[in-house]
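Asks: Once you've had a glance at the structure underneath, I'll fire off some questions.
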Ligand SMILES: [Zn+2]
């Protein structure tokens, strides 16, 4: 397997979903690169993938592997957008630096809802409490002490530009970008989140409320924020799934930014706009499921669009004719 092109799309006949052969190819590719980097296999069943590193060439050009998948960014409501991206550290430092916080001797830790000092003790910083019902399954209700704010009253007395820290967590990414525009460490994160189309999410939105696609774009934004030149291999599995066309355009711009910085992006995709923008396309087929798995065509989009056996070709040709 030779990888010497910056943006590569593995496409397959529509109907082959997340568990399809193209997904398997990214798993194999990931394990080959992990092997080259001296990392242990990530998938417990990687041994069954029969990865033969001897057959791989070009892997030595990668110095890092980043898989941007749709797995949740956290399994409890304690992780959220702000904590995952690291932006919340900057916000907590901002509050600790206010005149009021310094007068009271509050450190940045005081503004975490995960430590006893500053959080509401009734709900232990969760913002809600479990309610046992006699004849019904238990449920959750807003915490009677903090009304969902997650902090104790003293912590909430500290404000920055008229808002306490709980009110900042309630802001959308778009609103927070304005509110925190004077805080470089936070605004960098917020801008990258907006660039991948997540401006509508709340900073404190629990990880458990985010969709797989949102989780994937948060991970991508976190990567973009580190934005450095390099030779990383980024692997993404159907990143456009569930996205509005305008968000797909945003996402593609970000992926090309990674490529422009010297990295390689390989993705599994059925979306024609994405396939058309790639430098190299590998079309797997000829059919879906058991009828697929063969490389039907490979090359720049214009070449794959002319491939005779490819089920994708006529659609790709029509898409290329439009642009
Ligand atoms: Zn509470």
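The values are calculated or read from the model by the stated rules, or taken from the named source; none is laboratory data. This is a predicted model, so every value here is computed, not measured. Using ideal geometry, Cβ is built from the backbone for each residue, glycine included, and neighbour counts are taken over all protein chains shown.
Asks: Condition (residue is modelled with pLDDT under 95 and either within 16 Å of the ligand (Cβ to nearest atom) or more than 21 Å from residue 85 (Cβ to Cβ) (or both)) applied to the range 175-196: is it met by at least one residue?
Replies: No, the conditions are met nowhere in the range 175-196.
Asks: I need every pair where a residue in the range 123-144 that is farther than 22 Å from residue 75 by Cβ has its Cβ under 6 Å from the Cβ of a residue that is more than 8 Å from the ligand (Cβ to nearest atom) and in a loop (DSSP other than H, G, I, E, B), sequence separation at least 6 or different chains.
Replies: Here the result reads 132/138, each pair linking the range 123-144 to a residue that is more than 8 Å from the ligand (Cβ to nearest atom) and in a loop (DSSP other than H, G, I, E, B).
Residue by residue, here is whether (1) crowded, with 21+ Cβ neighbours inside 10 Å; (2) in contact with a helix residue (DSSP H, G or I) (Cβ under 6 Å, 6 or more places away or on another chain); (3) modelled with pLDDT under 90; (4) part of a helix (DSSP H, G or I) holds:
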position: 220; (1), (2), (3), (4): yes, no, yes, yes
position: 258; (1), (2), (3), (4): yes, no, yes, yes
position: 266; (1), (2), (3), (4): yes, no, no, no
position: 270; (1), (2), (3), (4): yes, no, yes, no
position: 295; (1), (2), (3), (4): no, no, yes, no
position: 303; (1), (2), (3), (4): no, no, no, yes
position: 310; (1), (2), (3), (4): yes, no, yes, no
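Asks: Within the range 112-138, how many residues are surrounded by 21 or more Cβ atoms within 10 Å (Cβ to Cβ) and out of contact with any strand residue (DSSP E or B) (no Cβ under 8 Å at 6 or more places or on another chain)?
Replies: 1
Asks: Quickly run through the range 276-293 and pick out the residues that are out of contact with any helix residue (DSSP H, G or I) (no Cβ under 6 Å at 6 or more places or on another chain) and over 25 Å from residue 259 (Cα atoms).
Replies: 285, 286, 287, 288, 289, 290, 291
Asks: Of all residues in the range 139-174 being surrounded by fewer than 17 Cβ atoms within 10 Å (Cβ to Cβ) and part of a helix (DSSP H, G or I), which is farthest from the ligand (Cβ to nearest atom)?
Replies: For the range 139-174, the residue satisfying everything is 174.
Asks: Tally the residues that are in a loop (DSSP other than H, G, I, E, B) and away from the ligand (no atom under 11 Å from the Cβ), restricting the search to the range 120-138.
Replies: Filtering the range 120-138 down to residues in a loop (DSSP other than H, G, I, E, B) leaves 120-127, 132-138.
Remaining after also requiring away from the ligand (no atom under 11 Å from the Cβ): 132-138.
Matching residues across the range 120-138 total 7.
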